[in-house]
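Structure, as structure tokens:
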Amino acid sequence: ILEMVTEKYLVLAAKEWEARLDAQRIFELIVDALVRGDIRRVAQLTTENFTGPLQAIIPWCTNRFTESMLEQCRERWGDQFWGFLMLGGMSGGGMGFFFEPAVQAEARQWLLETLVATKRSMQTRLPFAMDPVVYDFAINDRGSWCELLTGESATMPDGYYAIVAPKLIRKDIRELSEQSQRELMRLNRSCREGDGRARWLLDRLLPQAQAESDTKSQLAELLKANGFDRAQHEQIRADLLSGRIGLSENRLPPQTVILDVARDDMIDLRDYHLSSATDNSDEAQLGREALRSGQVAVVSLAAGVGSRWTGGAGVVKGLHPFAKFAGKHRSFIEVHLAKSRLTSELFNCAVPHVFTTGYMTHGPMETHLANVSNYGYAGPVLLSKGMSVGLRTIPTARDLRFFWEEMPHQILDEQQQKVRESGQAAILGWAKSVGEANDYTDNLPQQCMHPVGHWYEIPNMLRNGLLHRMLTDRPSLKYLLLHNIDTLGANLHPLVLSKHIESGACLSFEVVGRRMEDRGGGLAVVDGKRRLLEGMAMPNERDEFGLTYYSSMTTWIDIDQLLASFRLDRLKLANSAAVDQAVRTMATKLPTYITIKDVKKRWGLGQEDVFPVTQFEKLWGDMSTLSDIACEYIAVETMRGQQMKDPGQLDAWVRDGSAAYIDGLCKWI
């Protein structure tokens, strides 16, 4: 926030400069109201500052939670709600609510209950660090004071021992300082005297053995419910142990020839303005006809929680109300449905819109879409439940050494490096003792499972029967537009669709000009073949910067050609056994990327350990490596393919016109 405000100040941004002058005017009025003791006027002015200059300078000082609280305050209390004061920089770090003194006590209790209830209704959409609290401030007439404890009563609070005691007990007594030894002696005496600390201490020191069998049965049930493929898992384990796959094998051989593509190697639409949802030119005729005749559906990939976007919080990225459009905070899902709504109205068709889900996102998305009646979308809104999940394994010693020695890490000083190497030796010993590539099951079920990569999203539609139902309900359906949930500019543009149809390709991938922050591979000529090259497969990280085009992963799909590549057709989709075998066979043709992730294991009360585990993924872009699948590449303008991976992108995204570009593609209700 400070960086954002400073940047706008230094570049003298016009709108923000006017807002700053307005804030200075409001400040002088606040001072005057305070001098006169007019608190109601103060509340009006702080509200004006929040809704006016503050949001003009920092749009992200408010969010859907804050706006919802203000709406509820006005609805419940009317004129007795005097105003609002934002105390934090990022919408909710601290808030002040002004109420008429006569209702203060009642309003305080209502406010606490409403804050908590609103937070719980939004906790799958917005990250919260804790339940909201309402502070009851009072004057401390005594000032700062203390009490001196002496002798045996000179002990620290239980909270201190909860953190320190387990660490001290694990050490050799000779390594402890005299003070630490005395603290343990006092704690020992206290435990012997039976004041309840003994049980409290044991709970923090010893693992909780209960429910281990329940945990494993829950894991087995979750794996079964989410389409865990045991045969594929065993093959990956065998490949890991044999060295056919691994961290070092993610990369292509060093002798691989990687060249940038020429302009003639793709369909270049960067000179066409795609900021309108329609195109009346002759070039777009095929696309317009396909849309009018109901030949197209949209598939938005929303199976992940988007941990980069939320800083690791357990929320669903697709449901996150990330920015304001038409005066209201809108989620990623609402934006995509608004685009499909406009397309449906322009071409008089009810475009089916599919959102793929995963084991962590299906329930919240299903509940939310039901609660908001699919945001009023008139066409079919369908959820494709994830039917592929992986089980983490113990890393191999080979992969651990590669991870520590070959991949980038921060350089430490000599003493810290010794500590790091000691920890690594302990982890290596753990991996060998429990068995390299063995299943990792000694944790909570969701810590043992992992998503298996976005390649599986379309196969999931085959396995869960959704594509078969869609084709049965709408036999005219021929094409799918596949895109990431955070690729906000992707829409059913008739010109791009026309180019895909004309090419006759099975898959047409959209690419954009590479920017500095675009990492993860791109479009290249690899050993003479045009293909999308994933970042993990780069033999040398520098090779990526030689590629002009970055893949947004937005893909136009010819359904029948894709089914043929799986050795399926529309009728065979009804045979679940044939579909499962077809997906498994296709998966073997694609690279398997291995990654190492750190997972936490909590035990006792407040104790935790961190272990590295191995997981795999397969990526959609690697479909371009298969010789029997015809692929085309379409270069489009950056705003169409720009992805929102980090909230830090939002401010520049609003200022450079990207938000307005997307707003023009949408029909809001």
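The residue of region 397-421 that is surrounded by the most Cβ atoms within 10 Å (Cβ to Cβ), among those that are of a type in the set (Asp, Glu) and in a loop (DSSP other than H, G, I, E, B), is GLU406. Out of LEU12, LEU54, LEU70, LEU2, one residue alone is at pLDDT 95 or above and not aromatic (Phe, Trp, Tyr). It is LEU70. Criterion applied to LEU187, LEU206, LEU222 was being more than 30 Å from GLN581 (Cβ to Cβ), at pLDDT 75 or above and surrounded by 12 or more Cβ atoms within 10 Å (Cβ to Cβ), and the one residue passing it is LEU187.
Would you be able to say whether some residue in region 422-430 is open to solvent by 70 Å² or more (accessible area, probe 1.4 Å) and either modelled with pLDDT of 95 or more or of a type in the set (A, V, I, L, M, F, W, C) (or both)? The answer is no, given that none of the residues of region 422-430 is open to solvent by 70 Å² or more (accessible area, probe 1.4 Å) and either modelled with pLDDT of 95 or more or of a type in the set (A, V, I, L, M, F, W, C) (or both).
The residue list LEU471, LEU533 contains one member that is closer than 29 Å to GLU334 by Cα and either open to solvent by 40 Å² or more (accessible area, probe 1.4 Å) or in contact (Cβ under 8 Å) with a residue 24 or more places away in the chain (or both), which is LEU471. Of all residues in region 63-73, at least one satisfies being within 23 Å of PHE322 (Cα to Cα) and exposed (fewer than 15 other Cβ atoms within 10 Å of the Cβ).
For region 651-669, which residues satisfy the criterion of being open to solvent by 30 Å² or more (accessible area, probe 1.4 Å), closer than 24 Å to GLY522 by Cβ and part of a helix (DSSP H, G or I)? Scanning region 651-669 gives a single hit, ALA652.
Would it be correct to say that LEU482 is surrounded by 15 or more Cβ atoms within 10 Å (Cβ to Cβ) and within 24 Å of the chain's Cα centre (by Cα)? Yes.
Taking (1) modelled with pLDDT under 95; (2) open to solvent by 50 Å² or more (accessible area, probe 1.4 Å); (3) of a type outside the set (Asp, Glu) in turn, ARG567 satisfies each apart from (1). Remark: GLY621 matches the filter, which requires a residue to be assigned to a helix (DSSP H, G or I) and in contact with a strand residue (DSSP E or B) (Cβ under 6 Å, 6 or more places away or on another chain). Quick check on ILE662: is it in contact (Cβ under 8 Å) with a residue 40 or more places away in the chain, among the β-branched types (Val, Ile, Thr) and out of contact with any Lys or Arg (no Cβ under 9 Å at 6 or more places or on another chain)? Against the criterion (in contact (Cβ under 8 Å) with a residue 40 or more places away in the chain, among the β-branched types (Val, Ile, Thr) and out of contact with any Lys or Arg (no Cβ under 9 Å at 6 or more places or on another chain)), ILE662 does not qualify.
Only one of the numbered conditions (1) open to solvent by less than 30 Å² (accessible area, probe 1.4 Å); (2) more than 23 Å from ILE58 (Cα to Cα); (3) part of a helix (DSSP H, G or I); (4) in contact with an Asp or Glu (Cβ under 8 Å, 6 or more places away or on another chain) is violated by LEU286, and that is (1). Consider region 226-245 and keep the residues that are part of a helix (DSSP H, G or I) and among the basic types (Lys, Arg). The one that is nearest to LYS432 (Cα to Cα) is ARG237. When restricted to residues that are of a type in the set (Ser, Thr, Tyr) and farther than 30 Å from SER242 by Cα, region 379-416 contains 1. When GLY641, GLY648 are screened for being within 19 Å of ARG519 (Cα to Cα) and surrounded by 20 or more Cβ atoms within 10 Å (Cβ to Cβ), only GLY641 passes. Hey, could you check region 337-363 for residues that are farther than 23 Å from TRP668 by Cβ and of a type outside the set (A, V, I, L, M) and say which is surrounded by the most Cβ atoms within 10 Å (Cβ to Cβ)? That would be THR356. Looking across region 266-280, the residues that are of a type outside the set (S, T, N, Q), open to solvent by 50 Å² or more (accessible area, probe 1.4 Å) and touching a residue at least 12 places away in the same chain (Cβ under 8 Å) come down to ARG270, TYR272, HIS273. For region 488-517, a tally of residues being in contact with an Asp or Glu (Cβ under 9 Å, 6 or more places away or on another chain) and either assigned to a strand (DSSP E or B) or over 13 Å from LEU286 (Cβ atoms) (or both) returns 11. Selection within region 79-136: residues that are open to solvent by less than 80 Å² (accessible area, probe 1.4 Å) and aromatic (Phe, Trp, Tyr). The member of this set that is farthest from ALA23 (Cα to Cα) is TRP110. Contact annotation: residue pairs with Cβ atoms under 7 Å, 6 or more positions apart or on different chains, pairing a residue in region 283-297 that is among the polar types (S, T, N, Q) with a partner that is open to solvent by 20 Å² or more (accessible area, probe 1.4 Å), are SER293/SER476; GLN295/SER476; GLN295/LYS478; GLN295/TYR479.
Confirm whether ALA56 is of a type in the set (Gly, Ala, Ser) and under 23 Å from ASP651 (Cα atoms). Judged against the criteria, ALA56 is a match. A residue that is in contact (Cβ under 8 Å) with a residue 40 or more places away in the chain, in a strand (DSSP E or B), touching a Leu at 6+ places or on another chain (Cβ under 6 Å) and of a type outside the set (Asp, Glu) occurs somewhere in region 356-377. Selection within region 592-618: residues that are part of a loop (DSSP other than H, G, I, E, B) and at pLDDT below 95. The member of this set that is least open to solvent (accessible area, probe 1.4 Å) is GLY604.
Which residue pairs have Cβ atoms closer than 7 Å, lie 6 or more positions apart in sequence or on different chains, and pair a first residue in region 43-55 that is of a type in the set (D, E, K, R) with a second residue that is in a helix (DSSP H, G or I)? Filtered contacts from region 43-55: GLU48/ILE26. Reported count of residues in region 536-564, each being open to solvent by 30 Å² or more (accessible area, probe 1.4 Å) and part of a helix (DSSP H, G or I), is 9. Exactly one residue out of VAL257, VAL261 is open to solvent by less than 50 Å² (accessible area, probe 1.4 Å) and touching a residue at least 40 places away in the same chain (Cβ under 8 Å), and it is VAL261. The residues of region 101-158 that are farther than 26 Å from ARG76 by Cβ, modelled with pLDDT of 90 or more and among the aliphatic types (A, V, I, L, M) amount to a single one, LEU148.
Which one of these is at pLDDT below 90, farther than 27 Å from ILE596 by Cβ and more than 22 Å from the chain's Cα centre (by Cα): GLY546, GLY528, GLY513?
Working: GLY528 fails: at pLDDT below 90; GLY513 fails: at pLDDT below 90.
Selected residue: GLY546, the only one of GLY546, GLY528, GLY513 that is at pLDDT below 90, farther than 27 Å from ILE596 by Cβ and more than 22 Å from the chain's Cα centre (by Cα).
Of the listed requirements (1) open to solvent by 30 Å² or more (accessible area, probe 1.4 Å); (2) at pLDDT below 95; (3) in a helix (DSSP H, G or I), TYR161 misses just one: (1).
The values are calculated or read from the model by the stated rules, or taken from the named source; none is laboratory data. Owing to the predicted nature of the structure, the values given are computational and were not obtained by experimental measurement. Ideal geometry is used to build each Cβ from the backbone, glycine not excepted, and the neighbour counts take in all protein chains shown. Keep in mind that these areas ignore ligands, DNA and RNA; they rest on the heavy atoms of the full protein, side chains included. Shrake-Rupley method; radii C 1.70, N 1.55, O 1.52, S 1.80 Å.
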